[in-house]
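Data block below; observations after.
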Amino acid sequence: MNTNWLVETHGDPLGVIQTLIKAAWERFELDTLMVSMNGRTKPHLINDPEQLYKVNPFKPLMTKNTAKYLPQVLGDIPNRRVGVLLRPCEMRALVELTKREALPMDRVLTICVDCLGTYPREDYQWRAERKGSSERLAWESLHFARQGGIAAYRFRSACQTCRTPIGQGGDVNIGVIGLPVRQKILVDARDYETAKTLGREEITSEEDQSLIDQRDYIIAKLLQRSTHTRQRLADNLESILPRDLDALLHLFERCGECRECFDNCPLCAADYPARDELGMYAREEVKQWMISCAGCGMCEQACPNHLPLVTIFTQIRQQLIDSIEPASQIH
Ligand code: SF4
Ligand code: SF4
Ligand code: SF4
């Protein structure tokens with residue numbers, strides 16, 4: 001049974017998304033919503049649904065991976081129902097975190113939104129100023145959602161090579177890519193019960209079905225583009241990149257006491273790989289870290305040596321996955 005449906009936006013996709021989040025808040029009786037999309041340096045909690053008009057998932061800036069903060073928030077406010085708004089790479093990180101630790105996900109509602117890409121921090125500010133405001137910059141991304149967003153070569157390398165920018169895996173997923181967002185957006189629920197709670201309507205019209213087919217086509221093109229970019233970046237850097245896990249361990253060894261990439265990663269900030277007296281990190285732990293990498297690029301953004309960590313980690317992750325028996329492959 002279908003759990004997705006198209007919602008009319010009447011020219012205001014952002015307003016409709018904010019209304020949808022508000023409906024989810026009320027129907028799932030949330031106490032707070034964790035968001036990181038307003039350009040703040042850390043995710044913050046919205047405790048009043050009337051403040052949801054401030055939420056804009058399309059601001060092209062990502063300063064931290066929200067998933068990194070969720071375990072602490074859940075610990076700080078026990079017994080509260082928490083909604084969390086996530087980009088796809090944050091959702092991927094959260095999935096990996098739940099494999100490592102028992103989080104009380106029964107009191108979490110995850111809302112994952114298609115991502116239209118993000119600029120490096122240093123670019124974002126002047127682009128927003130040039131556009132007149134950060135809202136206008138966000139609207140520019142949304143304006144081109146139907147074509148798959150703007151093909152911004154200035155986006156962070158994580159975004160240019162994103163595994164998928166499609167909102168998926170959340171309890172509620174919101175789709176804009178490939179759709180005429182001034183008319184309709186897509187809502188996709190985890191299951192039929194969630195869809196029913198949110199007022200799902202059956203997709204019956206041929207027009208709606210053809211919009212979904214068009215979206216699928218644009219998504220396939222986007223993924224093709226990011227695969228090519230990933231390959232191109234890897235080829236360009238081939239002679240200087242660590243080529244395998246052992247070379248990466250030596251790189252970390254040479255980094256000395258710097259642990260910025262560890263600190264900023266949602267998957268190892270709270271639990272560094274162990275290190276021996278010579279400064280070498282535990283191979284198996286770094287291997288597990290690489291395999292679980294969500295591709296968000298927060299490590300690269302933090303690296304004081306400006307190393308292309310997304311390209312390095314992506315290559316090594318793929319190598320490690322390829323070396324696992326086909327029956328247990330990770331996707
Ligand atoms: S890596 Fe992908 S999901 Fe994450 S911010 Fe970039 S485009 Fe969005
Ligand atoms: S290693 Fe880097 S890209 Fe991978 S999840 Fe951690 S911060 Fe994100
Ligand atoms: S952030 Fe850069 S310099 Fe620091 S440990 Fe990581 S790779 Fe090395």
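Does Gly148 count as without any contact (Cβ under 8 Å) to a residue 12 or more places away in the chain and either crowded, with 23+ Cβ neighbours inside 10 Å or on the phi > 0 side of the Ramachandran plot (or both)? In short, no. Among the numbered conditions (1) part of a helix (DSSP H, G or I); (2) of a type in the set (Gly, Ala, Ser); (3) within 11 Å of ligand 1 (Cβ to nearest atom), the only one that Ala138 does not meet is (3).
Yes/no matrix, rows are residues, columns are (1) free of Cβ contacts under 8 Å to residues at least 12 places away in the same chain; (2) surrounded by 12 or more Cβ atoms within 10 Å (Cβ to Cβ); (3) in the same structural domain as Leu309 (by TED's automatic domain parsing):
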{"residue": "Leu179", "(1), (2), (3)": "no, yes, no"}
{"residue": "Arg230", "(1), (2), (3)": "no, yes, no"}
{"residue": "Leu248", "(1), (2), (3)": "no, yes, yes"}
{"residue": "Arg254", "(1), (2), (3)": "yes, no, yes"}
{"residue": "Glu257", "(1), (2), (3)": "yes, no, yes"}
{"residue": "Glu284", "(1), (2), (3)": "yes, no, yes"}
{"residue": "Trp289", "(1), (2), (3)": "no, yes, yes"}
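When the stretch 29-57 is filtered for residues that are touching a helix residue (DSSP H, G or I) at 6+ places or on another chain (Cβ under 8 Å), surrounded by fewer than 18 Cβ atoms within 10 Å (Cβ to Cβ) and under 19 Å from Leu74 (Cα atoms), the ones remaining, listed by number, are Lys42, Leu45.
Specify the residue that is nearest to ligand 2 (Cβ to nearest atom); the eligible residues are those in the stretch 260-289 that are among the aliphatic types (A, V, I, L, M) and either farther than 28 Å from Val73 by Cα or over 17 Å from the mean Cα position of the chain (by Cα) (or both).
Applying the filter and picking the extreme gives Ala269.
Across the stretch 98-124, the qualifying residues are those that are more than 20 Å from Asp31 (Cα to Cα) and part of a helix (DSSP H, G or I), and the one among them that is farthest from ligand 3 (Cβ to nearest atom) is Thr98.
Of everything in the stretch 70-87 that is within 9 Å of Met34 (Cβ to Cβ) and in a helix (DSSP H, G or I), the residue that is farthest from ligand 2 (Cβ to nearest atom) is Val73.
Residues satisfying the criterion are absent from the stretch 67-89 (criterion: within 16 Å of ligand 3 (Cβ to nearest atom) and surrounded by fewer than 15 Cβ atoms within 10 Å (Cβ to Cβ)). Filtering the stretch 1-28 to residues that are within 26 Å of Gln72 (Cβ to Cβ) and in a loop (DSSP other than H, G, I, E, B) leaves only Phe28.
Every listed requirement among (1) more than 16 Å from ligand 1 (Cβ to nearest atom); (2) in contact (Cβ under 8 Å) with a residue 40 or more places away in the chain; (3) touching a Phe, Trp or Tyr at 6+ places or on another chain (Cβ under 7 Å); (4) more than 24 Å from Leu142 (Cα to Cα) is met by Pro273 save one, (2).
The values are calculated or read from the model by the stated rules, or taken from the named source; none is laboratory data. From a predicted model like this one, the values you see are computed outputs, not experimental measurements. Heads up, the Cβs are rebuilt from the backbone with ideal geometry, glycines too, and the neighbour counts pull from every protein chain shown.
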